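The values are calculated or read from the model by the stated rules, or taken from the named source; none is laboratory data. Just so it is clear, the model here is predicted, and its values are computed rather than measured. Note that each Cβ is placed from the backbone with ideal geometry, even for glycine, and that neighbours are counted across all protein chains shown. We work out accessible area using only protein heavy atoms, side chains counted, and drop any ligands, DNA or RNA first. Shrake-Rupley method; radii C 1.70, N 1.55, O 1.52, S 1.80 Å.
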Amino acid sequence: MNPQAPNPRDRRATILDVAAAAGVSRQTVTRAMNNMAGISAGTRERVQGIAAELGYTPSRFAKGLVQGAGISVGLAIPDLTNPYFPAFASSVVEAATERGWNVVVDDYGHGTGSAADAASRLAPQVDALIGYLEPHPDEAQALMGRRPVVALDSPGADTAGGISFDYRHAARLALTHLAATGRRNIVFLDTDQGHPANNRSAAAVDVAQQAGIQLALIRAHPSAAAARAAVALLAADGERPDGILAFNDLMAAGALKALRESGVAVPGDCSVIGMDGIPLGELLTPELTTLSLDLRAVGRSAVGLLDGLLSGSIQDRSPGAYLTLQHQLIVRQSA
């Protein structure tokens, strides 16, 4: 191997690595890898051999350059019926369109679908992947090969890059607010679909223990209807929490409905805080206090990170390839 060539196990080889190792221009590598005219058979064979040695495979985008095609980005979404995900997807499409990229969306969260299924469908079509990929981010990266994957909400994933959220910070904001307003018997309304790598309730329990706050857990499907049923059952059993922190805003909306039907005043008898900050919260009565993410910023951050990975300005799996974003407590009428 050329001593100046990078070890392909250290990072994904690029067209520039092949050009440097072969002592030719980038255009010559493009011609060789696409079997185009304009170079000798010997040069073509030599460049293709070095490319194989470095583990370089031109992406669909690299081949499309010859035809003037743009970058195609896969976007894996678990549930477009949850308003959080259309808002996030819209911000990804907006930022990608500004760069002249195409976005292919796969909504995998129905029936027996999984993130791995979405990645397997998207991989033949796209040059890179952004998505909520739990519990299969590493499998998604393996399916994409050397093309970059930016995984959302998958701390510790072995993907080229990722964006995580500081749930301890979020829990601290919410529980401190509830405690400061006199709440002592607090419930965390958690999803029944949690994954070890992405557990909001674990952060809430840890923060509560450190602060000496009593926190009970109840679980339900992460929908308004299921949360409504779970909180109604809680009330029927005689449980009277004076504070509820919900896994997401949809579950918080269901909790508000159940409390009202049970004759529990919000926030007089029980405060409710959601998480995610979708616009729905402002339309509820009372308006929902929430741990809000700037969803436009989340999508733009994901696309910006992917841009750096594709251009080489950010090295995959380097510290700069992973971002952590924080929620902001938006206080409204419910708490």
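Quickly work out the residue 110-to-residue 181 label distance, labels modelled 7 Å from Cα along the C-beta direction, and quote it in nm with one decimal.
So the two model labels end up 3.7 nm from each other.
To the nearest 20 debye, what charge dipole does segment 167-292 have about its Cα centre, counting +1 at the Cβ of each Lys and Arg and -1 at the Cβ of each Asp and Glu?
That gives segment 167-292 a dipole magnitude of about 180 debye.
Using only Cα atoms, find the angle between the long axis of helix 41-54 and the longest principal axis of the chain, and express it within 0 to 90 degrees, rounded to the nearest 10.
30
Taking segment 167-292 on its own, what percent of its Cα-Cα pair distances exceed 19 Å?
Percentage above 19 Å: 40.
Order 72, 301, most accessible first, counting only protein heavy atoms with a 1.4 angstrom probe.
Descending order: 301, 72.
Could you put 290, 176 in order of accessible surface area, largest first, with the 1.4 Å probe and the full protein assembly present?
176, 290
Above 18 Å lies some portion of the pair distances; for segment 88-155, what is it as a whole percent of all C-alpha pairs?
For segment 88-155, the fraction of Cα-Cα distances above 18 Å is 34 percent.
Using only Cα atoms, tell me the angle between helix 167-180 and the longest principal axis of the chain; keep it within 0 to 90° and round to the nearest 10.
Result, in degrees: 20.
Among 199, 163, 185, flag the residue with its Cα farthest along the positive direction of the charge dipole of segment 160-216, charges on Cβ as +1 for Lys/Arg and -1 for Asp/Glu.
Result: 185, furthest along the dipole toward the positive end.
With a 1.4 Å probe and every protein chain left in place, work out the accessible area per residue of the chain in Å², rounded to a whole number.
Accessible surface, normalised per residue, equals 44 Å².
Taking every DSSP beta bridge with both residues inside the chain, roughly what % is antiparallel (nearest 5)?
Bridges in the chain are about 10 percent antiparallel.
Looking at segment 247-328, which GluC sites (Glu not before Pro) are in a loop (DSSP not H, G, I, E or B) and have at most 16 other Cβ atoms within 10 Å?
Within segment 247-328, the qualifying GluC sites (Glu not before Pro) (loop, at most 16 other Cβ atoms within 10 Å) are 287.
Ratio of the chain's C-alpha Rg to 2.2 N^0.38 Å, to two decimals? It would help to have the intermediate numbers written out before the result.
On the way: Rg = 24.1 Å, N = 335, 2.2 N^0.38 = 20.0 Å.
So the chain has a normalised radius of gyration of 1.20.
In cubic angstrom, how much convex hull volume per residue do the alpha carbon atoms of segment 116-225 span?
Working: hull volume 12.5 nm³, N = 110.
About 114 Å³ per residue, rounded to a whole number.
Label points 7 Å out from Cα along the Cβ direction at residue 139 and residue 98: separation in nm?
3.5
Report, in debye and to the nearest 20, how large the dipole of the chain comes out about its Cα centre when Lys and Arg carry +1 and Asp and Glu carry -1 on their Cβ.
820
Highest GNM mean-square fluctuation, the chain, Cα pairs closer than 10 Å: which of 70, 42, 274?
In the Gaussian network model the winner is 42.
Can you tell me the FRET efficiency between residue 27 and residue 269 if r is taken as the Cβ-Cβ distance and R0 is 51 Å, rounded to the nearest 0.05?
It comes out at approximately 0.10.
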